[in-house]
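Reviewing the structure listed below.
The values are calculated or read from the model by the stated rules, or taken from the named source; none is laboratory data. If you're wondering where the values come from, they're calculated on a predicted model, not measured in any experiment. Backbone-built Cβ (ideal geometry, glycine too); neighbour counts: all protein chains shown.
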Amino acid sequence: MTIRYTCRSCESVLKIKDEKAGTNGKCPKCKTEFVIPFPAEYVDVEVEVYGVAKTSARVDAPVDHVDMPIELTPEVSDDQDSDPLDVLNGLAAAGRASAVRSTPAVTDKKPSVAELMRDFNAGKKKDRTRDSASELNRPATTAVAEKTVGTAANALSRTYQQKRDSANAPTVSAKDAKVAEQRALLMEFLLKKAGPIAATIAVLLYGYIWYTTRDVYNGLPLYQVTGKVVSQTTPVEGLRVQFFPVSEGLEDKRSSAEGMTTKDGSYRLIYEIPFEGAPEGKYDIVVLGPSGSPLPLVEGTPTVTVSATGKNDFEIRL
């Protein structure tokens, strides 16, 4: 059985289970505490009859009398022709109409930020048009309020712009982000580690090229030959000194060597460019002038010997 109880504070009608009768309750709407009444039924009580014996009797359980709200207890006319059902039907119709009026309209589509901005700007434009006549007479507080509204509008506009930019921004997938991260790590490795490695490889490659393309001498052993041309009348700079081998048999494979004198008349022989010196053996000396003609020597055509152990420094007198 269900107990119907009307809250004395907010007049809400509550439905409570009968097993909670006699306990403390609290209205879920206004939080008013009350004692839950007993239901309207008979309970067994013991009464004393004639002051001698006790017997069992059934009496009505206490009922909590509740005052009905005025809007739920309309007045009914005492006229015999009036029908109470007409009053109840009218009350129900009025309740339905009130419920329809109080129910807010439900829209399926929420206004977007752009629509809110348009409505806000339209309202702001109307306010400017309405207040243009009294622009000079406005108090300072109105200017402050308008500045605050403008600041709010700017903030809303910036928020809308940020949302639009974030919506238009290109999205990067997890795969592309991983590829970009790997590319960055590779570039960092190349800058830090691969640079010295590449420099080392370049040096080794250059050395290999130089070694394979350098001039290699495979002839007779060469020994350094130097000397000086001395003259009292002829300039000694720019003269060509030639050493011609004196043949010592069919197995002699030597060739001539020559050198140019410097400002003080000194010279150094070159056998094959860029190899300096001359092979061991005897040589006839010839000195050519700037015009290419042989110059006379004091001792005629001297003969010298290039030794493997000697100093090989020869003075030539014009």
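Selection of first residues in region 239-251 that are free of Cβ contacts under 8 Å to residues at least 40 places away in the same chain and of second residues that are aromatic (Phe, Trp, Tyr) and surrounded by 14 or more Cβ atoms within 10 Å (Cβ to Cβ), restricted to Cβ pairs under 7 Å at least 6 apart or on distinct chains, gives the following pairs, ordered by first then second residue: 245/283. Looking only at residues of region 291-318 that are surrounded by 13 or more Cβ atoms within 10 Å (Cβ to Cβ) and aliphatic (A, V, I, L, M), we find that the one that is nearest to the chain's Cα centre (by Cα) is 306. Residues in region 278-308 that are modelled with pLDDT of 90 or more and of a type in the set (S, T, N, Q): 291, 293, 303, 305, 307.
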